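For reference, the structure is listed below as structure tokens.
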Amino acid sequence: MRKIWIVARREYLAAVKTKGFLIGLIIAPLMMSGGIIAIATLRDQVDTKDKKIAIVDHTGKVADALLAGAAERNAREVYDETNKKKKINPAYLLEKINPETGSADRQYLALSDRVRQGDLHAFLVIGPEVFHPVKDKPEGNVSYHAKNPGLDDIRRWLGNPVNDQIRRVRLAEVGIDATQVKDLFQWRPIDGMGLVELNPKDGTIRKAEPRGELTAIGLPMAVMFLSFLLLMMGASPLLNAVMEEKNQRIAEVVLGSLRPFEWMMGKVAGAIGVSLTGMAVYLSLGFSALSNMGTALDVPTFLVPWILVYLVLNICMFGSIMASLGSLCNDIKDAQNLTLPGILPAIIPMFIWLPVVKQPLSTFATVASLIPFFTPILMPLRMSTMESIPAWQPWVGLAGVIAATLGVVWVGARIFRIGILAQGKIPSFPELVRWIARG
Amino acid sequence: MTPAVELCGVTKSFQQLKAVNDLSLTVPEGSIYGFIGPNGSGKTTTLRMIMNIFYPDSGSIRVLGRENGGPCMEQVGYLPEERGLYKKMKVGEILEFYGNLKRAQNVRAEMKSWLKRFELSSWADKKVETLSKGMSQKVQFISAVIFRPRLLILDEPFSGLDPVNAEGIKSAILDLRSQGVTVILSTHDMSVAETLCDYIFMIFRGRKVLDGTLHSIQDQYGDDTVRVQVDGGKAAIPDLDVIEGINDYGQVQEIHLKRGGDPQIILKALLDRTRVRSFELTRPSLHDIFLRIAGPQAKENHHA
């Protein structure tokens with residue numbers, strides 16, 4: 001134990017004192033949240049060039065309403081409210097085009113060419129039967145043609161005025177004047193709220209609080225990315241570190257003083273120290289940022305010890321895997337080849353987290369989160385959702401992770417013991433099995 | 001007195017290769033024991049087994065009176081042949097690290113005196129990567145002795161050292177011995193084995209072929225060697241029936257006599273042909289014995 005501690009101290013200082021650690025500490029969360037930041041910045045960097053859209057209205061009853069709607073929108077949204085000279089959004093300039101019923105395809109080709117030449121941004125075709133569409137008949141469709149229609153804000157904007165007008169026409173057909181009904185087209189969103197709670201002390205009823213996307217996805221996502229990031233920060237450098245010790249002939253000098261198992265565990269303990277340091281930094285930064293923003297992200301306190309315990313076990317598990325793989329490598333190339341298989345089990349949860357968060361009680365989520373390699377990431381993820389998952393599951397998951405950790409450490413230590421002094425090529429799989437069996 | 005190291009019928013194989021074959025060896029406490037043998041003959045494997053880094057397939061090893069492993073290893077210093085240091089660490093930090101691993105008392109005081117002895121005092125705060133090769137070898141030596149071991153195992157301690165540094169290490173080894181430390185060292189330098197070691201052990205193809213003091217080993221071979229200096233060198237030495245082989249050192253030739261061969265015949269033949277500057281009847285050198293066992297001629301005999 002004493003030797004493990006001495007090694008852990010050396011490993012920890014060696015890792016933390018490097019510039020790489022400091023840079024990694026800053027860069028890793030930037031990269032992870034980089035996507036979100038990039039989207040946020042890009043959303044503000046709107047292209048303010050006016051957009052010309054041709055409307056081919058086969059009904060003759062929709063286009064004028066759209067023109068009116070666009071004019072209203074342009075008056076409201078194109079220029080900054082306070083600074084009337086500052087353009088913040090493009091104006092939508094709609095152009096009504098009479099349909100050529102005989103040669104519609106030819107007309108659409110000509111319009112498409114105009115889009116290609118940059119004269120038009122897009123063109124909208126409103127089918128003749130749009131008020132009473134029949135299934136499987138294209139006459140009832142509304143189609144938006146552009147270079148990149150899938151992610152087009154204008155297509156999304158057009159949805160409302162087009163449908164409002166369709167409804168207005170349908171009402172008129174049964175003799176109702178739409179202008180008579182105030183708020184006819186006012187859309188009500190549905191707010192996500194938590195459950196109402198009774199305060200057992202004073203018997204008062206605590207009102208439900210809004211639970212939007214941020215609490216539903218934001219907290220679990222933060223928990224998961226943090227766990228993953230800290231795991232990578234602590235465990236994955238072990239592979240290269242061990243490879244270097246082997247390569248630079250440090251291994252045998254150290255092995256003169258302690259047993260391979262003590263050495264490996266010391267390294268793993270050092271990795272845990274590195275991760276916890278990272279965790280302390282991120283959590284204090286995160287909480288101070290949140291309180292500065294005035295958003296008190298309501299982190300359930302019961303979750304924190306679970307995250308910690310799972311994280312520590314996860315580092316034991318992957319630290320042993322990475323250290324034993326490192327002991328098989330003779331050079332950087334070997335290390336590169338073995339890194340991916342080593343961390344793959346830790347990456348898989350990152351691919352399946354979304355369905356798990358959406359339906360944390362599904363069989364898929366339950367089974368996936370009870371697979372020991374995934375448990376440390378997926379179980380806290382499920383626990384941080386609004387659903388309450390069965391109380392036994394975190395404990396069973398924990399038992400599984402402990403068992404798996406012991407197994408992986410045992411196997412890893414046996415590989416490490418032989419690998420660290422073996423020279424030559426990476427052993428084949430049957431050879432590895434023989435090492436493990438013989439000890 | 002219990003021996004410092006005792007090997008009893010030790011065998012170790014790597015797949016088909018028997019690296020060490022039924023080896024028994026007793027290293028008395030307080031002695032310097034030299035391991036010699038050609039590359040790949042099993043020296044390092046034996047040392048690693050004594051260090052409990054490799055486990056023997058069969059046989060037993062006792063170190064400092066105890067079955068191998070466990071707390072007695074805290075009293076064993078080890079300098080492996082393949083050695084390196086953490087490049088980014090400072091000299092002082094790395095010595096403290098190794099000292100603490102072995103429960104050293106007064107690591108800093110020991111470190112200070114050793115660094116001073118090897119004229120490295122000003123380097124304690126420098127990173128290892130700034131050291132020259134000789135310096136880092138000396139730092140490695142210190143890391144093996146900083147905790148005052150009772151047994152010191154040195155695999156090729158002099159390889160790559162210039163004579164000044166080699167002398168420094170040698171005198172340190174002798175000082176440790178005088179303090180009662182047992183030293184096992186392997187070497188390819190026969191003069192080191194002859195002059196420094198109390199006992200010499202030679203291993204060849206995994207088997208013990210020599211074991212004892214230099215005198216007792218030479219006694220096995222008797223006065224069967226003639227060391228000559230003659231005008232014309234080796235070419236001037238006639239081909240005689242009594243000669244088993246000639247070891248040519250350039251200026252000096254060692255003639256190995258056949259069993260019962262009379263050296264007078266050689267002297268007479270030489271005087272007939274050339275000027276003899278020196279003619280000495282002697283015991284074979286360790287170098288010569290080594291070659292007789294493991295040299296090309298011996299290999300031919302072995303294969304025959």
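Read the figures in this text as sums done on the coordinates, not as results from a lab. A quick note: this is a predicted structure, and the numbers were derived from the prediction, not measured. Every residue, glycine as well, gets a Cβ built from its backbone with ideal geometry; the counts of neighbours run over all protein chains shown.
Provide the FRET efficiency to the nearest 0.05 for the A:Ile389-A:Leu340 pair, computing r from the beta carbons and using R0 = 35 Å. Write out the running numbers ahead of the final one.
Working: r = 31 Å, r/R0 = 0.89.
After rounding to 0.05, the efficiency reads 0.65.
To the nearest 10 degrees, how steep is helix A:332-358 against the longest Cα principal axis of chain A, on a 0 to 90 scale?
50 degrees
Using helices alone, I'd like the mean residue ellipticity at 222 nm for chain B: each DSSP H run of four-plus residues gives -39500 (n - 2.57), total over residue count, nearest 500.
Numbers: 10 runs with 102 residues, N = 304.
About -10000 deg cm²/dmol.
Using Cα-Cα distances under 8 Å and only pairs 6 or more residues apart, what relative contact order does segment B:136-215 have, in percent?
Values: 68 pairs, mean separation 20.3, N = 80.
So the answer I get is 25 percent.
Among all the aspartates and glutamates, which ones have a C-alpha under 16 Å from B:Lys126's C-alpha, if same-chain residues fewer than 8 places away are not counted?
Within reach: B:Glu93, B:Glu96.
Suppose the chain between A:Leu354 and A:Phe302 were pulled fully straight at 0.36 nm per residue; how much longer would it get relative to their current alpha carbon spacing?
Working: separation 52, 0.36 × 52 = 18.72 nm, distance 2.26 nm.
Extending this stretch completely gives an extra 16.5 nm.
Say each of A:Leu184 and B:Ala236 gets a label point 7 Å from the Cα, pointing the same way as Cα to Cβ; how far apart are those two points in nm?
Spacing of the two 7 Å Cα→Cβ label points: 13.1 nm.
Given axes a ≥ b ≥ c from the Cα gyration tensor, I'd like to know whether segment A:110-219 is rounded (a/c under 1.5), prolate (a/b larger than b/c) or oblate. Before the final figure, lay out the partial values.
Numbers: a/c = 3.52, a/b = 1.77, b/c = 1.99.
Oblate, because a/c is 1.5 or more while a/b does not exceed b/c.
Loop only per DSSP, at most 11 neighbouring Cβ atoms within 10 Å: give me the chymotrypsin sites (Phe, Trp or Tyr not before Pro) in segment B:193-228, ordered by residue number. Mind dumping the intermediate values first?
On the way: sites: B:Tyr199, B:Phe201, B:Phe204, B:Tyr221; in loops: none.
Taking segment B:193-228 and a limit of 11 other Cβ atoms within 10 Å, no loop chymotrypsin sites (Phe, Trp or Tyr not before Pro) are found.
Determine the relative contact order of segment A:49-180: mean sequence separation of Cα pairs under 8 Å and six or more apart, normalised by residue count, in whole percent.
Working: 178 pairs, mean separation 37.1, N = 132.
Value for segment A:49-180: 28 percent.
By its C-alpha gyration tensor, with a ≥ b ≥ c as the square roots of the eigenvalues, how is segment A:59-125 shaped: rounded for a/c under 1.5, else prolate for a/b larger than b/c, else oblate? Before the final figure, lay out each step's value.
Numbers: a/c = 5.53, a/b = 1.88, b/c = 2.93.
It comes out oblate by the Cα gyration axes.
Which percent, to the nearest 5, of DSSP beta bridges fully inside chain B are antiparallel?
About 65 percent, rounded to the nearest 5.
Step through the table entries A:Lys333/B:Lys12; B:Lys90/B:Lys112; A:Lys49/A:Lys85; B:Lys18/B:Lys258, compare each Cα-Cα distance with 24 Å, and write down the pairs that go over it. All intermediate terms of the calculation are to be shown ahead of the outcome.
On the way: A:Lys333/B:Lys12 32 Å; B:Lys90/B:Lys112 14 Å; A:Lys49/A:Lys85 15 Å; B:Lys18/B:Lys258 33 Å.
Checking Cα-Cα distances, A:Lys333/B:Lys12; B:Lys18/B:Lys258 exceed 24 Å.
Could you tell me whether segment A:171-250 comes out rounded, prolate or oblate from its Cα gyration tensor? Rule is a ≥ b ≥ c as square roots of the eigenvalues, rounded for a/c under 1.5, then prolate if a/b exceeds b/c, otherwise oblate.
Working: a/c = 10.15, a/b = 2.19, b/c = 4.64.
Judged from the Cα gyration tensor, segment A:171-250 comes out oblate (a/c at least 1.5, b/c at or above a/b).
Antiparallel versus total DSSP beta bridges in segment B:109-253: what percent is that, nearest 5? If you can, show how the numbers build up before the last one.
Details: 7 of 12 bridges.
Here the share of antiparallel DSSP bridges comes out near 60 percent.
Looking at segment A:75-132, which chymotrypsin sites (Phe, Trp or Tyr not before Pro) are in a loop (DSSP not H, G, I, E or B) and have at most 11 other Cβ atoms within 10 Å? Please list the in-between numbers first.
Working: sites: A:Tyr79, A:Tyr92, A:Tyr108, A:Phe123, A:Phe131; in loops: A:Phe131.
Those that pass, being in a loop and sparsely packed, number zero.
Among all the lysines, which ones have a C-alpha under 26 Å from A:Lys182's C-alpha, if same-chain residues fewer than 8 places away are not counted?
A:Lys61
Ignoring everything except DSSP H segments at least 4 long, calculate the 222 nm mean residue ellipticity for chain A; use -39,500 (n - 2.57) per segment, divide by total residues, nearest 500. Write out the running numbers ahead of the final one.
Numbers: 15 runs with 263 residues, N = 439.
-20000 deg cm²/dmol, from helical runs alone.
Over the Cα atoms of segment A:213-438, each weighted equally, I'd like the Debye log10 I(q)/I(0) at q = 0.11, 0.14, 0.16 Å⁻¹, rounded to two decimals.
Treating every Cα as an identical point scatterer, log10 I(q)/I(0) equals -0.58, -0.87, -1.05.
Please find the FRET efficiency linking A:Leu361 to A:Asp47, where r is the Cβ-Cβ separation and R0 is fixed at 41 Å, and quote it to the nearest 0.05.
Working: r = 43 Å, r/R0 = 1.05.
After rounding, the FRET efficiency stands at 0.40.
Evaluate 2.2 N^0.38 Å with N set to the residue count of chain A, then give the Cα radius of gyration divided by it. Before the final figure, lay out the partial values.
On the way: Rg = 30.7 Å, N = 439, 2.2 N^0.38 = 22.2 Å.
That ratio works out to 1.38.
Percent relative contact order of chain B, based on C-alpha pairs within less than 8 angstrom and at least six residues apart?
Working: 537 pairs, mean separation 57.9, N = 304.
About 19 percent, as a whole number.
What does a probe at A:Ile371 reach in segment A:333-355, counting residues whose amide N is under 20 Å from the point 7 Å along Cα→Cβ?
A:339-355
Using a basic spin-label model with each label point 7 Å from the Cα along Cα→Cβ, how many nm lie between A:Asn160 and B:Glu280?
Between A:Asn160 and B:Glu280, the simple spin-label model gives 11.0 nm.
State the dimensionless ratio Rg/Rh of segment B:222-303 (Rg: radius of gyration of Cα atoms; Rh: Kirkwood radius). Working shown, then result.
On the way: Rg = 12.5 Å, Rh = 13.0 Å.
Here the Rg-to-Rh quotient is 0.96.
For helix A:260-293, what angle does its Cα long axis make with the longest principal axis of chain A, in degrees from 0 to 90 and rounded to 10?
Approximately 30 degrees, to the nearest ten.
What does the charge count around B:Gly92 come to, taking other residues whose C-beta lies under 11 Å from its C-beta (Lys +1, Arg +1, Asp -1, Glu -1)? Don't skip to the end; give the middle numbers.
On the way: positive: B:Lys90, B:Arg108, B:Lys112, B:Lys126, B:Lys127; negative: B:Glu93, B:Glu96, B:Asp125.
Taking every other residue near B:Gly92 into account, the sum is +2.
Taking the Cα atoms of segment A:151-298, what is the range of coordinates along each of the three principal axes, in descending order and whole Å?
Dimensions of segment A:151-298 along the principal axes of its Cα atoms: 96, 52, 27 Å.
What is the calculated FRET efficiency for A:Asp152 to B:Lys88, with r their C-beta to C-beta distance and R₀ = 60 Å, to the nearest 0.05?
0.65
Would you mind checking the radius of gyration and Dmax of segment A:49-180 based on alpha-carbon positions, in Å?
Using the Cα atoms of segment A:49-180, the pair Rg, Dmax is 15.9, 50 Å.
Can you tell me what share of the DSSP beta bridges in the protein assembly as shown is antiparallel? A percent to the nearest 5 is fine. Don't jump to the answer; show the numbers that get you there.
Values: 44 of 72 bridges.
The antiparallel fraction comes to roughly 60 percent.
What GluC sites (Glu not before Pro) in segment B:53-131 are in a loop by DSSP, with at most 13 other Cβ atoms within 10 Å of the Cβ? The partial results should precede the final answer.
Values: sites: B:Glu67, B:Glu74, B:Glu81, B:Glu82, B:Glu93, B:Glu96, B:Glu110, B:Glu119, B:Glu129; in loops: B:Glu81, B:Glu82, B:Glu119.
Sparse-neighbourhood loop GluC sites (Glu not before Pro): B:Glu119.
Considering every Cα-Cα pair within the protein assembly as shown, what fraction, in whole percent, is farther apart than 52 Å?
The proportion of pairs with Cα distances above 52 Å equals 43 percent.
Kirkwood Rh and Cα-based Rg: tell me the resulting Rg over Rh for chain B, rounded to two decimals.
Working: Rg = 22.4 Å, Rh = 21.4 Å.
That ratio is 1.05, to two decimals.
Return, ordered by residue number, the residues of segment B:262-281 whose backbone nitrogen is under 13 Å from a label point located 7 Å along Cα→Cβ of B:Glu244.
B:262
Can you divide the C-alpha Rg of segment B:47-203 by 2.2 N^0.38 Å and report the result to two decimal places?
On the way: Rg = 15.5 Å, N = 157, 2.2 N^0.38 = 15.0 Å.
Relative to the 2.2 N^0.38 Å estimate, segment B:47-203 comes out at 1.03.
Chain A: longest stretch without exposed trypsin sites (Lys or Arg not before Pro) (DSSP loop, at most 11 other Cβ within 10 Å), sites themselves excluded? Kindly include the intermediate steps, with their values, before the conclusion.
On the way: sites that count: A:Lys49, A:Lys84, A:Lys85, A:Lys86, A:Lys135, A:Lys147, A:Lys182, A:Lys201, A:Lys207, A:Lys425.
Between exposed loop sites, the widest span is A:208-424.
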